[in-house]
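*Asks:* Take this structure, written in structure tokens, and hold onto it; I'll ask about it next.
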Amino acid sequence: MRVTAARFETASGKPGQEPPAGLPEVAIAGRSNVGKSSFINAFLARRGLARTSRTPGRTRQINFFVVNERFRVVDLPGYGFAVGPERERLDWGPLIETYLRDRATLRGVVVLIDARRGLGGEEIELLGFLAEHERPALLVATKIDKLGRGAATTTLRKLAGAAGRAVPVVGFSAKSGDGRDAVWRHLGGWVDDAATGGHKDART
Ligand code: GDP
């Protein structure tokens, strides 16, 4: 799919503030500093687009982007760091959990991990949560350019073993563009499935 248009739509800081469900959605999750903004900008080929979600006050919100007026990319707040006012921390779990569990138009979730770190407890928990709620997931190992070719292959093989057969694994580099096509193949499948009435029954 060629991205001809991508725009920031809105942000949600509380369950219920999401835009009305309509277009199919692909959510992107990952701990802070994993390379989430770089990933979104690189796969949409839009420099600076995801910067919107990093402006003060937005990092703890769910940010919605519309791509080609055809589907939404949903930038989930970074997890895995207990900073920020307590109130915001308390809001974080329910906000994301509610979205991932209940969103009728959510077609799949990209879980980002740093290729050099591997799967942590939070990612394992998240993948388990997604499996439990029958949400398709794609595991993307970011900054793969930081590993040599041999190490990258070993890492991806290990991750595939840890993630299980239901979760494909892709190595990605925002720097070199590696993995972009593979990511699009998976995301395109989710979005097209949705457009054609898809593999997943509509939820309420
Ligand atoms: P976010 O906090 O998850 O949105 O992470 P950013 O996209 O801001 O990236 C965090 C840091 O990792 C920045 O210094 C980026 O330049 C760097 N980074 C992100 N993606 C890549 C990549 O594919 N390769 C390399 N070498 N560095 C990356």
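*Asks:* Give the carbon-plus-sulfur fraction of the accessible surface of the range 6-196 in %, rounded to a whole number; probe 1.4 Å, heavy atoms of protein chains only.
*Replies:* 48 percent
*Asks:* Calculate the spin-label point distance for T153 paired with S32, positioning each point 7 Å from the Cα along the beta-carbon direction, and give it in nanometres.
*Replies:* Here the modelled spin labels are 3.8 nm apart.
*Asks:* Does anything in the range 99-120 have its amide N under 16 Å from the 7 Å Cα→Cβ label point of D178, and if so which residues?
*Replies:* 113-118
*Asks:* Ranked from highest to lowest mean number of other Cβ atoms within 10 Å per residue, what is the order of the peptides 138-148, 175-185? Before the final figure, lay out the partial values.
*Replies:* Working: 138-148: 20.6, 175-185: 15.2.
Result, highest mean first: 138-148, 175-185.
*Asks:* Can you list residues whose amide H is under 5 Å from V140's amide H, if they're 5+ apart or on another chain and H is modeled 1.01 Å from N?
*Replies:* Amide H neighbours of V140: V111, L112, I113, V170.
*Asks:* Please sort 151-163, 17-29 by packing, taking for each peptide the average over its residues of neighbouring beta carbons within 10 angstrom, highest first.
*Replies:* Descending mean neighbour count gives 17-29, 151-163.
*Asks:* Then there is this: Can you tell me the length gained on complete extension of the stretch M1 to R116, counting 0.36 nm per residue apart and subtracting the Cα distance?
*Replies:* Stretched out fully, the M1 to R116 stretch lengthens by 38.5 nm.
*Asks:* Quickly work out the D192-to-R70 label distance, labels modelled 7 Å from Cα along the C-beta direction, and quote it in nm with one decimal.
*Replies:* Each label point lies 7 Å from its Cα, and together they span 1.0 nm.
*Asks:* Here is a further query. Calculate the FRET efficiency for A131 and T10 from the Cβ-Cβ distance with a Förster distance of 30 Å, rounded to the nearest 0.05.
*Replies:* Between A131 and T10 the formula returns 0.55.
*Asks:* Averaged per residue, what accessible area in Å² does the range 6-196 show with a 1.4 Å probe, protein chains only?
*Replies:* Numbers: 9060 Å² over 191 residues.
Here the per-residue accessible area is 47 Å².
*Asks:* Under 14 Å from a label point 7 Å along Cα→Cβ of E97: give me every residue in the range 1-44 with its amide N that close.
*Replies:* 15
*Asks:* Measuring from centroid to centroid over Cα atoms, what is the spacing of the range 173-194 and the range 118-140 in Å?
*Replies:* 18 Å
*Asks:* For the range 6-196, calculate the relative contact order in percent as a whole number, restricting contacts to Cα pairs under 8 Å that are 6 or more residues apart.
*Replies:* Relative contact order here is 24 percent.
The values are calculated or read from the model by the stated rules, or taken from the named source; none is laboratory data. If you're wondering where the values come from, they're calculated on a predicted model, not measured in any experiment. Note: ideal-geometry Cβ built from the backbone for every residue, glycine included; neighbour counts use all protein chains shown. To get the accessible areas, we keep the full protein, side chains included, count just its heavy atoms, and leave off ligands, DNA and RNA. Shrake-Rupley method; radii C 1.70, N 1.55, O 1.52, S 1.80 Å.
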